[in-house]
Amino acid sequence: MPTISASSLMNERLLTYLYTQSNKTDREIAEFFNVDRTFVTKVRAEFGVDARITTGYIGEQKAIKKLRSKGFRVKDMNARDKLSPFDLLVNGRVKIEVKSAKRVGNRFSFALSEQASRNCKESDERIVLTTGRTKKLFSKTCDYFIFVCIGDVEDVYYIIPSHALEDDIPTLNIRVGTLKFERFKNNWELLRKG
């Protein structure tokens, strides 16, 4: 009996439906067809199915725009090198990691760790958590976080020193209306001091 290849099953209409209508990721589509994620990315590009703009990218662009409006000089390190250990360089010296989230219920959840399936290796700048997930030691790679809470009407930014968060937390949750992080809310002055 002849075998059917994934590429013969993955036609433009099906791939477009899975990616745009069903909001499946390249990785999820690859698992469905039992192929490598990079194959799906390549085929999607060949079919002209544009990549979605991620929440992370949206947040980084919002942070850059806000920083510039506050008079900061900003270099987007990801535009220069996708493997940069931090996202933004502010005023030539302050290293920033940007994390973005949309509101779900009464909170914003920011992922600070990676799934075990991403195969990130333990190093001087990365630890393995008890769950098997890996986490960058941000206190070694950046000076501050900017947590971008993407709102329906207005965005809120939390500027938090990287050393202020424990190394082993996989996710940071900022609940609407709580005071825990209030001193960091829209506190751009921290970056001027940094």
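What number of residues in region 112-149 are assigned to a helix (DSSP H, G or I) and more than 26 Å from Arg93 (Cβ to Cβ)?
Going through region 112-149 one residue at a time, the tally reaches 3.
Among the residues of region 157-171 satisfying the criterion of being among the hydrophobic types (A, V, I, L, M, F, W, C) and at pLDDT 95 or above, which is nearest to Gly59 (Cα to Cα)?
It comes out as Ile159.
Listed residues Phe181, Phe147; which is at pLDDT 95 or above, out of contact with any helix residue (DSSP H, G or I) (no Cβ under 6 Å at 6 or more places or on another chain) and not hydroxyl-bearing (Ser, Thr, Tyr)? Reasoning before the result, please.
Working: Phe181 fails: at pLDDT 95 or above.
Only one candidate qualifies: Phe147.
Please tell me if Lys82 is open to solvent by 60 Å² or more (accessible area, probe 1.4 Å) and either in contact with a Cys (Cβ under 6 Å, 6 or more places away or on another chain) or closer than 22 Å to Glu182 by Cβ (or both). It would help to see each step written out before you state the result.
Details: open to solvent by 60 Å² or more (accessible area, probe 1.4 Å): yes; either in contact with a Cys (Cβ under 6 Å, 6 or more places away or on another chain) or closer than 22 Å to Glu182 by Cβ (or both): no.
Criteria not met by Lys82.
Looking at the structure I just gave you, is Asp152 out of contact with any Phe, Trp or Tyr (no Cβ under 9 Å at 6 or more places or on another chain), over 30 Å from Ala116 (Cβ atoms) and not in a helix (DSSP H, G or I)?
yes
Hey, can you tell me all the residues within region 22-35 that are open to solvent by 90 Å² or more (accessible area, probe 1.4 Å) and farther than 28 Å from Lys99 by Cβ? First the steps, then the outcome.
Of the residues in region 22-35, the ones open to solvent by 90 Å² or more (accessible area, probe 1.4 Å) are 23, 27, 31-32, 34.
Within region 22-35, Phe32, Asn34 meet the criteria.
Among the residues of region 79-89, are any assigned to a helix (DSSP H, G or I), in contact with a helix residue (DSSP H, G or I) (Cβ under 9 Å, 6 or more places away or on another chain) and modelled with pLDDT under 95?
Scanning region 79-89 turns up no residue that is assigned to a helix (DSSP H, G or I), in contact with a helix residue (DSSP H, G or I) (Cβ under 9 Å, 6 or more places away or on another chain) and modelled with pLDDT under 95.
Do we have any residue at all in region 49-56 that's touching a residue at least 40 places away in the same chain (Cβ under 8 Å) and either out of contact with any Ser or Thr (no Cβ under 6 Å at 6 or more places or on another chain) or open to solvent by 80 Å² or more (accessible area, probe 1.4 Å) (or both)?
Checking region 49-56: not a single residue is touching a residue at least 40 places away in the same chain (Cβ under 8 Å) and either out of contact with any Ser or Thr (no Cβ under 6 Å at 6 or more places or on another chain) or open to solvent by 80 Å² or more (accessible area, probe 1.4 Å) (or both).
Just one of (1) at pLDDT below 90; (2) assigned to a loop (DSSP other than H, G, I, E, B); (3) closer than 30 Å to Glu154 by Cβ trips up Lys24, so point out which.
Every listed condition holds for Lys24 apart from (3).
Out of (1) exposed (fewer than 11 other Cβ atoms within 10 Å of the Cβ); (2) over 21 Å from Met77 (Cβ atoms); (3) at pLDDT 85 or above, the odd one out for Ser109 is which?
Tallying (1) exposed (fewer than 11 other Cβ atoms within 10 Å of the Cβ); (2) over 21 Å from Met77 (Cβ atoms); (3) at pLDDT 85 or above, Ser109 fails exactly one: (1).
The values are calculated or read from the model by the stated rules, or taken from the named source; none is laboratory data. Note that the coordinates shown come from a computational prediction; the quantities given were computed from them, not determined experimentally. Using ideal geometry, Cβ is built from the backbone for each residue, glycine included, and neighbour counts are taken over all protein chains shown. Note: areas computed on protein heavy atoms with side chains; ligands, DNA, RNA excluded. Shrake-Rupley method; radii C 1.70, N 1.55, O 1.52, S 1.80 Å.
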